[in-house]
Amino acid sequence: MSKYSKILGLALAAAVPIVTLSAGSVAQTTAPVPAVSAPTVVLVHGAWADGSSWSKVIPLLQAKGIRVMTVQNPLTSLADDVAATRRVLAAVQGPVVLVGHSWAGTVITEAGTDPKVKALVYVAAFANKEGQSGGDLVGAYAKTPALGTVWDDGQGFLRQTEQGMLENFAPDLPKEEARTLFVTQGPLAASTFGDKVTTPAWRTVPSWYVVSANDRVINPQMERDLAAAMKAKTTVLQSSHVSLLSHPQEVAAVIEDAVATVSKAR
């Protein structure tokens, strides 16, 4: 055998284990991803807000190793907001703790029947019964100050005025934060107040409720009554409507409790 042939043979022999290892590595990286068992928190914003209203709660949850996703509601109808929420739920592997603030309470009440949802957390939020609309709930209680600072844009959508944001929506936030909320608020279609829930998820899904005792948007007595009707685990905060921004640690703690409860049940 020539010197060249011997060198070529040794090179090919040395290459065999390298090729085998490479093939094994490819097989490992293309293996199916195992299903996720730890709960994912899905946060849903309310009227006159957007997903950034959860900006102070999100890092607190992530610091505890909790996966978090948010929904950007179009605020055009209950059906549209439920559809947006279900799209996010479809992207999640494993169980979900579904959290809603304000109008989003109606949204999670309808969307929370998804079998992935194992807990519901209401933050100063509506929690409708069968065939009940947000307008029905609002009309059953004394009018709150924020209802007097609503601006109709003439195109079927409602916004809070800057005064309303400062004095009623977020009076316990620094004024510069409240003014930012005024600018970034999502307008709510007026027709949503007539949209009715069909099957309330809280009938069968364990629920938590955070009451804002100083709420000037949703009547605090309504919040207490809804929490009692749901038999929800209830926390009362001396907060405005936006406890998720003025008391993020306390709101995050409630969500963490729901996550821990779901985790233990698995």
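The values are calculated or read from the model by the stated rules, or taken from the named source; none is laboratory data. The structure displayed is predicted, hence computed values, not measured ones. All Cβ positions, even for glycine, are placed from backbone atoms using ideal geometry, and neighbour counts span all protein chains on display.
Key figures
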{"quantity": "Considering residues of the stretch 157-166 that are out of contact with any strand residue (DSSP E or B) (no Cβ under 6 Å at 6 or more places or on another chain) and farther than 17 Å from A124 by Cβ only, the residue surrounded by the fewest Cβ atoms within 10 Å (Cβ to Cβ)", "calculated": "Q163"}
{"quantity": "Qualifying positions in the stretch 87-104 - assigned to a helix (DSSP H, G or I) and more than 16 Å from G51 (Cβ to Cβ)", "calculated": "A90"}
{"quantity": "Complete set of residues in the stretch 167-190 that are in contact with a strand residue (DSSP E or B) (Cβ under 8 Å, 6 or more places away or on another chain), in contact (Cβ under 8 Å) with a residue 24 or more places away in the chain and either assigned to a strand (DSSP E or B) or more than 20 Å from T76 (Cβ to Cβ) (or both)", "calculated": "N168, F169, L188, A189"}
{"quantity": "Odd one out for P74 among (1) of a type outside the set (S, T, Y); (2) in contact with an Asp or Glu (Cβ under 8 Å, 6 or more places away or on another chain); (3) crowded, with 19+ Cβ neighbours inside 10 Å", "calculated": "(3)"}
{"quantity": "Unmet requirement for K231, which otherwise passes all of (1) touching an Asp or Glu at 6+ places or on another chain (Cβ under 8 Å); (2) of a type in the set (K, R); (3) under 21 Å from A258 (Cβ atoms)", "calculated": "(1)"}
{"quantity": "Failed item in (1) among the β-branched types (V, I, T); (2) outside any helix (DSSP H, G or I); (3) in contact (Cβ under 8 Å) with a residue 40 or more places away in the chain, with T235 passing the rest", "calculated": "(3)"}
{"quantity": "Residue ID - surrounded by the most Cβ atoms within 10 Å (Cβ to Cβ), chosen from residues in the stretch 29-71 that are in a helix (DSSP H, G or I) and either modelled with pLDDT under 95 or of a type in the set (S, T, Y) (or both)", "calculated": "S53"}
{"quantity": "Residue in the stretch 87-112 that is farthest from G134 (Cα to Cα), counting only those that are surrounded by 24 or more Cβ atoms within 10 Å (Cβ to Cβ) and aliphatic (A, V, I, L, M)", "calculated": "V96"}
{"quantity": "Qualifying residue in the stretch 124-140 (condition: part of a strand (DSSP E or B), in contact (Cβ under 8 Å) with a residue 12 or more places away in the chain and either touching a helix residue (DSSP H, G or I) at 6+ places or on another chain (Cβ under 8 Å) or under 24 Å from G194 (Cβ atoms) (or both))", "calculated": "yes"}
{"quantity": "Test: A104 is over 10 Å from the mean Cα position of the chain (by Cα) and either small (G, A, S) or under 27 Å from R224 (Cα atoms) (or both)", "calculated": "no"}
{"quantity": "Check on L244, assigned by TED's automatic domain parsing to the domain that holds A104, over 23 Å from T109 (Cβ atoms) and surrounded by 18 or more Cβ atoms within 10 Å (Cβ to Cβ)", "calculated": "no"}
